[in-house]
Amino acid sequence: TEAQYLQLLKSGMTFTYLRRRAMPELVAKVNALGEPAMAFSREPERLYPQLTLAAHVLGYTDMDGKGVMGMERVLDAQLTDKAGRKQPAVLSIDKRVQAAMESELSNAVVKHQALGATGLVLDVHTGELLAMVSLPVFNPNKISQANPESLRNNVTQSVYELGSTFKPIAIAGAIDAGVVTSMSKRYDATAPLKVGKFTIKDDHPLNRWMNVPETLVHSSNIVTARLADEMGQQRMEALFRRMGFYEPPYIELREKGRTLVPGYWGRTTVMTTAYGHGIAITPLQLATAYAALVNGGFWRPATLMKTGPDKAPKGRRVLSAYASEMSRKLLRLIVTDGTGKRAEVAGMRVGGKTGTAEKPGAGGYSRHVNVSTFAAVFPMDAPRYVVVAMLDAPKGTADTFGFTTAAWTAAPVVANVISRTGPMLGVFPDPSKDMQLDDLRTLIWKEKEGAE
């Protein structure tokens, strides 16, 4: 208004912006006034033509073009070198894979009325991220209109108790520790396990003795706790440290959360952390741990920069080659015979593990609100990619019979993503290829199906 402009003229300021990012039509009208005190200058502006695609990866810039979030912030100096030595940056994200993950997760969030979701696709040999999705999302072109909650990158900033997805990690550690010496050895799961004033139960108890393959196929908390008890605090804590759970996630992004690890390791803590209760990490850290489970036992940091196999970091050995080989077989068995059946994609040799954890709140854990996660790898005969999908507080639907567990909510998301993106990544369905699992399958009693 005239009053506003008059106030500016009387303010004593020698310079102020009247409008930034003005449209050409407005510039033409103001220029026609012929006012010499009004100066026009061109400014660079960052536009995001794909709108919300990979928003948490890219981040955004402020009005002065300075990166304030995401890779815009990380690469700000490189992309805005005033000396003219600007260097292009190539990210590892594959737009096709990113779009597929965003689409499938968004559909699941709407279907299950979830509070949010995360998803990612990670190269098991290089640590490159081909997709990283956090919902809700924002439009970096309209950052002033973004909900503050949508700016949070739940893949790297939010930590969750990820439930039974920890079981394959703990069992791989038990194999290396010499606790598991035979896949056929059975452990007592005939009744809930009482430790002091605590009781550890199975969600769907079989009430019998179980071996290691059955433990994962039926997702037994009781047997996992017994194995963890044999491992003890020192070896369990050392395993989690090797997997990077005691530090923020390794990634170029500055937006990182701190994990919640036990400050005191009592006997029950050792037992419950083995099945993902009492320890909270980011979905990204779960993915890098699963990469180590299947790639021969090497942990590598995740990266959003295009790397390629010839320049991948050497990484550090965290598991033996034997433990990794057995983990691959067990993960595949979970999908063919266990709780991960809804993640199966014909000919793609998917392996993985469900994880459904009660969500903590002000009054303790809620029995009716879950964090549902499926961590997968494909193809298991020659692992190349980790795929993780997580839904925050999903609600059951008619076709899930009211269930909100990962087997019904997160596993189908992973299956759809693998089905859509596998051929893009050079992995084609081949029914003639699969892992030889007869030695493990013969150990599984078939009288009752397990659940999470």
(request) State log₁₀ I(q)/I(0) for region 258-301 at q = 0.16 Å⁻¹ as given by the Debye formula over alpha-carbon point scatterers of equal weight, solvent excluded. (result) -0.52
(message) Kirkwood Rh over alpha-carbon pairs of region 316-452, then Stokes-Einstein at 37 °C and 0.692 mPa s: what D in µm² s⁻¹, rounded to an integer?
(response) 206
(request) Please find the FRET efficiency linking K341 to L18, where r is the Cβ-Cβ separation and R0 is fixed at 60 Å, and quote it to the nearest 0.05. (result) 0.45
(request) Pick out, in residue order, every one of the GluC sites (Glu not before Pro) in region 186-238 that is DSSP loop and has at most 10 other C-beta atoms within 10 Å; say none if there are none. (result) none
(request) Return the distance in nm (one decimal) between the two label points of a simple spin-label model at Y322 and R208, each offset 7 Å from Cα along Cα→Cβ. (result) 2.9
(request) May I ask you to evaluate 6.51 cos²θ - 1.76 cosθ + 1.60, the Karplus curve with θ = phi - 60°, for each residue of region 330-341 and list the ³J(HN,Hα) values in order in whole Hz, giving x for glycine and proline? (result) 5, 5, 5, 5, 4, 7, 6, 10, x, 6, x, 4
(request) Note down the magnitude of the dipole of the chain about its Cα centre, charges +1 on Lys and Arg C-beta and -1 on Asp and Glu C-beta and zero elsewhere, to the nearest 20 debye. (result) 520
(request) Give a residue-ordered list of calculated ³J(HN,Hα) values for region 227-234 (Karplus: 6.51 cos²θ - 1.76 cosθ + 1.60, θ = phi - 60°; whole Hz; x for Gly, Pro). (result) 5, 5, 4, 5, 5, x, 4, 4
(message) Residue by residue through region 115-120, what is 3J(HN,Hα) from phi via Karplus (6.51 cos²θ - 1.76 cosθ + 1.60, θ = phi - 60°)? Round to whole Hz and write x for glycine and proline.
(response) 6, x, 7, 9, x, 7
(request) Output the direction-averaged projected area (hull surface divided by four) of the convex hull of the alpha-carbon atoms of region 200-254, in nm². (result) 5.6
(request) List, largest first, the extents of the alpha carbons of the chain along their principal axes, each in whole Å. (result) 89, 49, 44
(request) Ratio to report: Rg/Rh of region 326-387, with Cα atoms as the point set and Rh obtained by the Kirkwood method; give two decimals. (result) 1.13
(request) Measure off, as a whole percent, the carbon and sulfur share of the 1.4 Å-probe accessible area of region 246-372, all protein chains present. (result) 53
(message) For a Förster distance of 51 Å, can you work out the FRET efficiency between the beta-carbons of L260 and Q4, rounded to the nearest 0.05?
(response) 0.55
(request) With +1 on each Lys and Arg Cβ and -1 on each Asp and Glu Cβ, and nothing else charged, work out how big the dipole of region 192-332 is about its Cα centre, in Debye to the nearest 20. (result) 240
(request) Grab the eigenvalues of the alpha-carbon gyration tensor for region 131-211, scale each by 5, take roots, and send me the semi-axes largest first in whole angstrom. (result) 43, 17, 11
(message) Using amide H atoms built in the peptide plane, which far-off residues or other-chain residues are under 5 Å from V369 H to H?
(response) K359
(message) Using a Förster radius of 25 Å, what is the FRET efficiency between K95 and V369 based on their Cβ-Cβ separation? Nearest 0.05, please.
(response) 0.15
(message) Can you give me the distance in nm between label points at A398 and A32, each placed 7 Å from the Cα along the Cα-to-Cβ direction?
(response) 5.9
(message) Run the Debye formula on the Cα coordinates of region 162-250, all scatterers equal and no solvent, and tell me log10 I(q)/I(0) at q = 0.21, 0.26 1/Å.
(response) -1.04, -1.39
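What does the charge dipole of region 342-420 about its Cα centre add up to, to the nearest 20 debye, if the Cβ of each Lys and Arg holds +1 and the Cβ of each Asp and Glu holds -1?
That gives region 342-420 a dipole magnitude of about 60 debye.
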(request) Would you kindly calculate the translational diffusion coefficient of region 235-355, applying Stokes-Einstein with the Kirkwood radius from alpha carbon pairs, for 4 °C and a viscosity of 1.567 mPa s, and quote it in µm² s⁻¹ without decimals? (result) 81
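Using the reciprocal of the averaged 1/r over all distinct C-alpha pairs, how large is the Kirkwood radius of region 43-180 in Å?
17.2
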(request) Order these peptides, 197-207, 57-67, by their mean beta-carbon neighbour count within 10 angstrom, highest first. (result) 57-67, 197-207
(request) Would you compute, from DSSP H runs of 4+ residues alone, the mean residue ellipticity of the chain at 222 nm, taking -39500 (n - 2.57) per run and dividing by the full residue count, rounded to the nearest 500? (result) -9000 deg cm²/dmol
(message) If I take all pairs of Cα atoms in region 77-147, what percentage of them are more than 15 Å from each other?
(response) 67
(request) Net charge near V345: determine it from the other residues with C-beta under 15 Å of the C-beta of V345, scoring Lys and Arg +1 and Asp and Glu -1. (result) +2
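The values are calculated or read from the model by the stated rules, or taken from the named source; none is laboratory data. These numbers were taken from a predicted model, which means no experiment stands behind them. For neighbour counting, all protein chains shown are included, and Cβ atoms are generated from backbone atoms with ideal geometry for every residue, glycine included. What goes into the accessible areas is simple: the full protein's heavy atoms, side chains included, and nothing from ligands, DNA or RNA. Shrake-Rupley method; radii C 1.70, N 1.55, O 1.52, S 1.80 Å.
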